[in-house]
1. Against the definition (over 14 Å from the mean Cα position of the chain (by Cα), surrounded by 18 or more Cβ atoms within 10 Å (Cβ to Cβ) and closer than 23 Å to Ala174 by Cβ), how does Val93 come out, yes or no?
2. Mind listing whichever residues of the range 77-90 are open to solvent by 20 Å² or more (accessible area, probe 1.4 Å) and in a loop (DSSP other than H, G, I, E, B)?
3. Is there a residue being of a type in the set (Ser, Thr, Tyr), open to solvent by 20 Å² or more (accessible area, probe 1.4 Å) and modelled with pLDDT of 90 or more anywhere in the range 40-49?
4. Looking at Ala143, Ala160, Ala50, can you tell me which residue is closer than 25 Å to Arg182 by Cβ and out of contact with any helix residue (DSSP H, G or I) (no Cβ under 9 Å at 6 or more places or on another chain)?
5. Hey, among Phe125, Phe116, which residue is of a type in the set (Phe, Trp, Tyr), touching a residue at least 60 places away in the same chain (Cβ under 8 Å) and under 17 Å from Leu141 (Cα atoms)?
6. Can Thr55 be described as among the polar types (S, T, N, Q) and either open to solvent by less than 50 Å² (accessible area, probe 1.4 Å) or under 12 Å from the mean Cα position of the chain (by Cα) (or both)?
7. Exactly one condition in (1) modelled with pLDDT under 95; (2) on the phi > 0 side of the Ramachandran plot; (3) under 19 Å from the mean Cα position of the chain (by Cα) is not met by Lys139; state its number.
8. If you take the residues of the range 58-71 that are closer than 12 Å to Gly122 by Cα and open to solvent by 10 Å² or more (accessible area, probe 1.4 Å), which of them is farthest from the chain's Cα centre (by Cα)?
Amino acid sequence: PVPRSSLRPPSAEPRRFRLDSTINDFEMVGDSPAFRTCLAVAERLAASDAPVLVTGETGTGKELITRWIHRASPRERGPFVAVNAAALPETLVESELFGAEAGAFTGATGRRPGKFELAQGGTIFLDEIGEMPATLQPKILRAVQEKAFYRVGGTKEVKADVRILAATNRDLEAACRDGRFREDLYHRLSALVLKVPPLRARREDVALLARHKAE
């Protein structure tokens with residue numbers, strides 16, 4: 001695990017915030033007021049166990065911020081499991097998230113844990129949550145609201161001891177008005193909200209990022 005001393009508050013040096021991940025190593029680089037404000041908010045959100053909705057344009061580093069929140073949180077020793085809803089075929093999303101029992105569908109020869117199960121004790125990150133199929137949204141709502149789910153083909157309730165972080169580049173309030181996203185799910189996921197600024201709002205970081213890429 002990353003020593004607590006390396007989880008520097010945004011007002012302190014160094015300008016690079018490096019964290020080790022179970023998947024890879026990554027850095028967030030920046031020194032602009034917008035960058036530091038974003039990290040200051042993220043630090044406060046990390047102390048909670050409530051869901052967080054991270055918003056921002058594509059390419060702003062939303063997943064990096066969610067990893068930072070996880071590693072700065074009391075769940076830092078638990079797993080961080082990321083799921084990209086937009087990258088999964090609709091027919092596979094449910095089993096990918098919640099797992100499946102043997103015989104639940106063709107090829108399911110044994111029980112298979114889903115991402116919620118693999119994230120037990122840690123954090124699950126639902127990326128591109130705005131792309132989540134409407135048929136799955138009630139089950140996501142149940143997992144958020146009741147911290148429980150059923151595997152595909154299962155009848156036994158499984159407890160979900162996970163913190164849920166979600167991200168989107170869509171306007172979910174507009175999606176709720178259009179009936180494309182459940183309003184109750186939106187309100188549950190957005191208990192806490194963090195908006196990641198685009199690079200045009202943190203121009204002071206352009207030179208830093210360019211030097212970092214060149215190293």
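The values are calculated or read from the model by the stated rules, or taken from the named source; none is laboratory data. Not measured: the values here are computed from a predicted model. So basically every Cβ, Gly included, is an ideal-geometry build from the backbone, and we count neighbours across all protein chains shown. Just the protein is used for accessible areas: all its heavy atoms, side chains included, with ligands, DNA and RNA removed. Shrake-Rupley method; radii C 1.70, N 1.55, O 1.52, S 1.80 Å.
1. So Val93 passes the test.
2. Those that are open to solvent by 20 Å² or more (accessible area, probe 1.4 Å) and in a loop (DSSP other than H, G, I, E, B): Arg77, Pro79, Leu88, Pro89.
3. Yes, the range 40-49 contains a residue that is of a type in the set (Ser, Thr, Tyr), open to solvent by 20 Å² or more (accessible area, probe 1.4 Å) and modelled with pLDDT of 90 or more.
4. Result of the check over Ala143, Ala160, Ala50: Ala50.
5. Among Phe125, Phe116, only Phe125 is of a type in the set (Phe, Trp, Tyr), touching a residue at least 60 places away in the same chain (Cβ under 8 Å) and under 17 Å from Leu141 (Cα atoms).
6. Yes.
7. Lys139 satisfies all of (1) modelled with pLDDT under 95; (2) on the phi > 0 side of the Ramachandran plot; (3) under 19 Å from the mean Cα position of the chain (by Cα) except (2).
8. Selected residue: Arg71.
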